[in-house]
Amino acid sequence: MALAFTQCIEETCGRKQDPKKNAHQCAYCGGLLEVKYEFDPFDPEVLRSAWHQRRLSGEPIDRSGVWRFRELLPFVRPDDRIISLSEGSTPLVGTRRAGWWAGPVHLTIKHQGNNPTGSFKDLGMTACITRAVSLGVRVVACASTGNTSSSMAAYASRAGMKAILFVPYRQISAAKLAQALDFGALVIEVGDTFDQAFHLLREIAAEMDFYLVNSINPFRIEGQKTIVAEMMEQRAWRPPDYIVVPGGNLGNASAIGKGLRELKELGLIEKVPRVVVIQAAGANPFYRTLATGSRELLAVDHPDTEATAIRIGHPANWKKAQRVLEWTGGFCESVTDEEIFEAKAALAEDGVGCEPASAATVAGVRKLVRAGKIERHADVLAVLTGHQLKDTDYVMRHRSSEQECRQRLRVEPNLEALRKALESVLAVPA
Ligand SMILES: *Cc1c(COP(=O)(O)O)cnc(C)c1O
Ligand SMILES: [Zn+2]
């Protein structure tokens, strides 16, 4: 069995921590922690074929896109109770119009909206709640822009734990709030921004001994990193040139980088794709920090974007994400809400729906191709992080009056009126 431990990521510290502790920060310097392993030596072929075989199994943990790759998660012991909702195993979808619009590039979508609660957060949550169960935790808490809370509420419910979530007042979409309430979570609406809610939660969680499941929890990252194994397997272990993700708290970018690093170390991939992070222009602290070469985070105090899942001004995981970009030769770009809107429309033309934050990826690719930073016809994999139905208000808010006239007719309930109405719209060439 591989050896698992947690370790501080700060270069000046790097101390190993007591793995039995429920800690999210270094006990010595307050730095972020990372889960590390001394892996047993594997034969890559044997591992690949075991993972492949499990897809045919009827066992729930073999069918989970996270636990199917459990050799990468050896913090779990054989007698641990795994809390799974059959997360992961999401599709890779090719695009035509969106790839043309954004490049032209060979654009493939990894759609994480196809998860039990509709976002990639489920990959991290299954790992983190499984860990919480093994520690005997009764109460879990998070601050959230919405999707972490939907996911936490579902997994906590399944594990029989109390879930408490902190959300900025009136800043999360109705669908996300409804999911959390449906799963019986306690919802505390506090502050105007995610950052404010998160700050308060960190203080109170220490005091009241809640188990924090925000992405500073290193076990969230462990679950989320398995997306890399899954996508490589789907691509017959041929890595793309770029993996593009939206960046909020930067847990996802950190997880993808960690996954790539471990697959490389285990000899499962040769080439490492560049990891590209896209932020919304009104909430782009990571972009600013990298663009100016600052050694400190240039936080954004009043983050503002309609892509609420990435409306974050003080990303907790920025140092982890920065290391990922350095190690993979990746970069960060920033796009306007207008550009995000256009990208979402381009994806819709391929029949692919997603929430606004996810579409930021494709908007970013377009911008980077135009700037010559991504070459034309490159092999680009964009991670769409959340489901279309997570934010239907956004869609309704953005409909032009011209679209409404073409697409939405109110008709008197008689055949005569129906005929007239249909003829009037169908006569106009599409
Ligand atoms: C959480 C979330 C993000 C941001 O991910 P981070 O790990 O916080 O950078 C992006 N899109 C969606 C849909 C999300 O739920
Ligand atoms: Zn430390």
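Side notes on the structure shown:
- Check on residue 361, away from ligand 1 (no atom under 13 Å from the Cβ), part of a helix (DSSP H, G or I) and open to solvent by less than 30 Å² (accessible area, probe 1.4 Å): no
- Count of region 379-425 residues which are β-branched (Val, Ile, Thr) and farther than 18 Å from residue 359 by Cβ: 2
- In region 56-112, the residues that are closer than 23 Å to residue 220 by Cβ, part of a helix (DSSP H, G or I) and hydrophobic (A, V, I, L, M, F, W, C): 61, 67, 69, 72
- Test: residue in region 310-319 that is within 16 Å of ligand 2 (Cβ to nearest atom), open to solvent by less than 10 Å² (accessible area, probe 1.4 Å) and closer than 25 Å to residue 4 by Cβ: yes
- If you go through region 331-351 and keep only what is surrounded by fewer than 23 Cβ atoms within 10 Å (Cβ to Cβ) and not in a strand (DSSP E or B), you end up with 336, 337, 338, 339, 341, 342, 345, 346, 348, 349, 350, 351.
- Checking each residue in region 388-420 for being farther than 21 Å from residue 350 by Cβ, at pLDDT 90 or above, out of contact with any Ser or Thr (no Cβ under 8 Å at 6 or more places or on another chain) and assigned to a helix (DSSP H, G or I) picks out 396, 397, 415, 416, 417, 418, 419, 420.
- Qualifying residue in region 156-165 (condition: in contact with a Gly (Cβ under 9 Å, 6 or more places away or on another chain) and not in a strand (DSSP E or B)): yes
- Positions within region 1-24 being in contact with a helix residue (DSSP H, G or I) (Cβ under 9 Å, 6 or more places away or on another chain) and either open to solvent by 60 Å² or more (accessible area, probe 1.4 Å) or more than 10 Å from ligand 2 (Cβ to nearest atom) (or both), in sequence order: 2, 6, 22, 24
- Where residue 48 falls short, out of the listed (1) assigned to a helix (DSSP H, G or I); (2) in contact with a Ser or Thr (Cβ under 6 Å, 6 or more places away or on another chain): (2)
- Residue within region 24-40 that is within 16 Å of ligand 1 (Cβ to nearest atom) and in a loop (DSSP other than H, G, I, E, B) present: yes
- Of the criteria (1) hydrophobic (A, V, I, L, M, F, W, C); (2) open to solvent by 30 Å² or more (accessible area, probe 1.4 Å); (3) assigned by TED's automatic domain parsing to the domain that holds residue 318, which one residue 109 fails: (2)
- Residue among 227, 243 that alone is touching a residue at least 24 places away in the same chain (Cβ under 8 Å) and either open to solvent by 50 Å² or more (accessible area, probe 1.4 Å) or in a strand (DSSP E or B) (or both): 243
The values are calculated or read from the model by the stated rules, or taken from the named source; none is laboratory data. None of these values were measured; they are calculated from a predicted model. Neighbour counts run over all protein chains shown; Cβ positions are idealised from the backbone, glycine included. We work out accessible area using only protein heavy atoms, side chains counted, and drop any ligands, DNA or RNA first. Shrake-Rupley method; radii C 1.70, N 1.55, O 1.52, S 1.80 Å.
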